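> Please read through the structure below; I'll follow up with questions.
Read the figures in this text as sums done on the coordinates, not as results from a lab. Note that the structure is predicted; figures quoted are calculated from it, not measured. Here Cβ is always computed from backbone atoms with ideal geometry, including for glycine, and neighbour counts include all displayed protein chains.
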Amino acid sequence: MNETKTHQDTGKKIPKAIEGSDVTCKLPISNPKSIESFHCTKYPSNTVGCSTRLINSPLLDMLLSNYREELENFSGEIMNPRISMITLGVADLKRSVDFYEKGLGFPRMESPPEVAFFTLNGTWLGLYASDSLAKDASVSSKGEGFNHFSLAHNVKSESEVDQVFEKAVQAGAAPKKKPQKVFWGGYSGYFSDPDGHLWEVAYNPLFWVGPEDKQ
């Protein structure tokens, strides 16, 4: 039971008792530090692995003791750090399209009549009927008050904040907080679009936030 051999790729000791076992090697799933979800892709099938039938067995304990360091260092990352699109639920699609396309000047993509897509620098903006968006997500469309998030548009000067803010108000936005100096050292204001989605227009003198503007 305790006899071991050296693995050809890692130089680590593995239990010889499981050499040639027919266990299936899969990607780490669920919580990779949980014994129940520990599967192996780095080491080929029929060389080393484990399965639920080995849980709480001395064989699995021996295996985990040899690969504990790799388990602890496994990041578990399954998503790239990227937001592909922000979709806003809207009450009147045409009104919202006019606000973003004609009012704010966002470039609209060709899209189906029931949805609108805009290309932004670094991501996309989508507009979709609130009821349809809620149905797609299997949640209730009822809700009011603060939505617990805001969108931000950073510019390079206080005067640009004033200009963008005024343009948004002229396009139909509701001013929520007039541009002003703020506690963290910058200058910003808030408006809401026709559906109440909060936008912050900000100048940060300390560092640039988000993708650089295209030249």
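> Could you work out how much longer the chain between Leu206 and Trp184 gets when fully extended? Use 0.36 nm per residue separation minus the Cα distance between them, nm to one decimal. Walk me through the intermediate numbers first.
Numbers: separation 22, 0.36 × 22 = 7.92 nm, distance 0.94 nm.
Result for the pair: 7.0 nm of gain on full extension.
> May I ask you to sort Glu110, Glu166 by Cβ crowding, counting other Cβ atoms within 10 Å and putting the fewest first? Can you show the working numbers first?
Working: Glu110 5, Glu166 16.
In order of increasing Cβ crowding within 10 Å: Glu110, Glu166.
> Amide H neighbours of Ala129 under 5 Å, counting only residues 5+ apart in sequence or on other chains, H built in-plane at 1.01 Å?
Amide H neighbours of Ala129: Val90.
> A further question follows. For segment 147-210, rounded, prolate or oblate, judged on the Cα gyration tensor with a ≥ b ≥ c (square roots of eigenvalues), a/c < 1.5 rounded, else prolate if a/b > b/c? Display every interim value, and only then the final one.
Details: a/c = 1.95, a/b = 1.46, b/c = 1.33.
Prolate shape, in that a/c is at least 1.5 and a/b is the bigger ratio.
> Which shape class applies to segment 73-215: rounded if a/c is under 1.5, otherwise prolate when a/b exceeds b/c and oblate if not, where a ≥ b ≥ c are the square roots of the Cα gyration tensor eigenvalues? List each step's numbers first, then the result.
Working: a/c = 1.56, a/b = 1.17, b/c = 1.33.
Oblate shape, in that a/c is at least 1.5 and b/c is the bigger or equal ratio.
> For segment 82-139, what does the alpha-carbon gyration tensor say about shape, rounded, prolate or oblate, given a ≥ b ≥ c as the root eigenvalues, a/c under 1.5 as rounded, and a/b over b/c as prolate? All intermediate terms of the calculation are to be shown ahead of the outcome.
On the way: a/c = 2.06, a/b = 1.25, b/c = 1.66.
Oblate shape, in that a/c is at least 1.5 and b/c is the bigger or equal ratio.
> Please go through the residue pairs Lys142/Lys178; Lys94/Lys176; Lys135/Lys178; Lys135/Lys167; Lys102/Lys156; Lys156/Lys214 and name each one whose alpha carbons sit more than 25 Å apart in this structure. Walk me through the numbers before you get to the answer.
Working: Lys142/Lys178 29 Å; Lys94/Lys176 23 Å; Lys135/Lys178 35 Å; Lys135/Lys167 33 Å; Lys102/Lys156 23 Å; Lys156/Lys214 14 Å.
The pairs that break the limit, which is 25 Å between Cα atoms, are Lys142/Lys178; Lys135/Lys178; Lys135/Lys167.
> Under a Cβ-Cβ cut-off of 13 Å, what is the net charge of the residues other than Asp98 that fall near it, where Lys and Arg count +1 and Asp and Glu count -1?
Numbers: positive: Lys94, Arg95, Lys102, Arg108; negative: Asp92, Glu101, Asp193, Asp195.
The answer is 0.
> Looking at segment 147-210 only, what percent of DSSP beta bridges run antiparallel? Nearest 5 please. Please report the intermediate quantities before stating the final value.
Values: 11 of 16 bridges.
Percent antiparallel among DSSP bridges in segment 147-210 is about 70.
> Same structure again: Which net charge results when you count Lys and Arg as +1 and Asp and Glu as -1 among the other residues whose beta-carbon is under 13 Å from that of Tyr187?
Values: positive: Lys156, Lys177, Lys178, Lys181; negative: Glu158, Glu160, Asp162, Glu200.
My count for the surroundings of Tyr187 gives 0.
> Right, another one. Suppose R0 equals 25 Å; then what is the FRET efficiency for Arg108 and Arg82 from their Cβ-Cβ distance, rounded to the nearest 0.05? Intermediate results must be reported in sequence, preceding the final value.
On the way: r = 22 Å, r/R0 = 0.88.
Taking R0 as 25 Å, the efficiency between Arg108 and Arg82 is 0.70.
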